[in-house]
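What follows draws every value from the coordinates through simple rules; no lab data is involved. Nothing here was measured: the structure is a model prediction, and the numbers come from that model. Positions of Cβ are backbone-derived with ideal geometry, glycine not excepted, and every protein chain shown enters the neighbour counts.
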Amino acid sequence: MTPNLQNTNSHQKYLEPIPEELDAIGKQIVDAAFTVHKNPGPGLLEKVYEICFCHEISKRGLSYHRQIDVPIIYDNIEFDEGLRLDLFVEEKIICELKARETIDPVWPEQVLSHLKLTRKRLGYLINFNVVSIRNGI
């Protein structure tokens with residue numbers, strides 16, 4: 001099943017606070033990240049964190065899609081070879097997962113671009129290869 005990544009609402013909603021429902025899901029995502037970081041700890045491959053993170057998301061009763069391709073509309077043409085989301089939770093929240101020692105400055109911008117292109121409100125960049133996960137979200 002392909003997730004619903006289209007949103008026909010106006011851009012005005014981007015100026016409003018995050019809705020409570022979205023915020024509650026976001027808190028569960030952050031909790032899942034803390035749990036994953038605590039149990040296997042830092043130093044593993046990104047794929048391992050993705051699998052464990054998805055398991056934790058499922059335990060919290062949340063739905064998700066992994067590694068999904070999102071078409072891009074450019075110049076009024078839809079290209080199937082667009083971007084790929086690591087995780088799309090509840091068809092509302094984008095999660096980009098990393099397991100790197102150094103943070104690439106483009107990563108936060110990547111998440112913002114993903115949000116803009118999918119017209120979603122909330123996204124997380126989570127780097128599991130940190131001493132404290134607080135520094136990785």
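Taking every DSSP bridge with both residues inside the chain, close to 65 percent are antiparallel.
Please report the net charge: other residues with Cβ closer than 14 Å to the Cβ of Pro42, K and R +1, D and E -1. If you can, show how the numbers build up before the last one.
On the way: positive: Lys38, Lys98, Arg100, Arg134; negative: Glu46, Glu101.
Local net charge: +2.
Working from Cα pairs under 8 Å separated by at least six residues, relative contact order for the chain is 26 percent. What does a probe at Ser132 reach in the range 99-113, counting residues whose amide N is under 16 Å from the point 7 Å along Cα→Cβ? In the range 99-113, the label zone of Ser132 (backbone N under 16 Å from the point 7 Å along Cα→Cβ) covers no residue. Highest-first packing order for the peptide set 80-86, 115-121, 19-25 is 115-121, 80-86, 19-25, based on the mean count of other beta carbon atoms within 10 Å. Other residues whose C-beta falls under 13 angstrom from the C-beta of Glu90 contribute a net charge of +2, scoring Lys and Arg +1 and Asp and Glu -1. Going by neighbour counts of Cβ atoms within 10 Å, the residues Phe53, Phe79 line up, fewest first, as Phe79, Phe53. Dividing the summed helix terms, -39500 (n - 2.57) for each DSSP H run of n ≥ 4, by the number of residues in the chain produces a 222 nm estimate of -11000 deg cm²/dmol to the nearest 500. The count of lysine pairs in the range 19-135 whose Cα atoms are under 20 Å apart, excluding pairs fewer than 8 places apart on the same chain, comes to 13. Using the Cβ of Ile57 as centre and a radius below 15 Å, the other residues enclosed give a net charge of -2, where K and R count +1 and D and E count -1.
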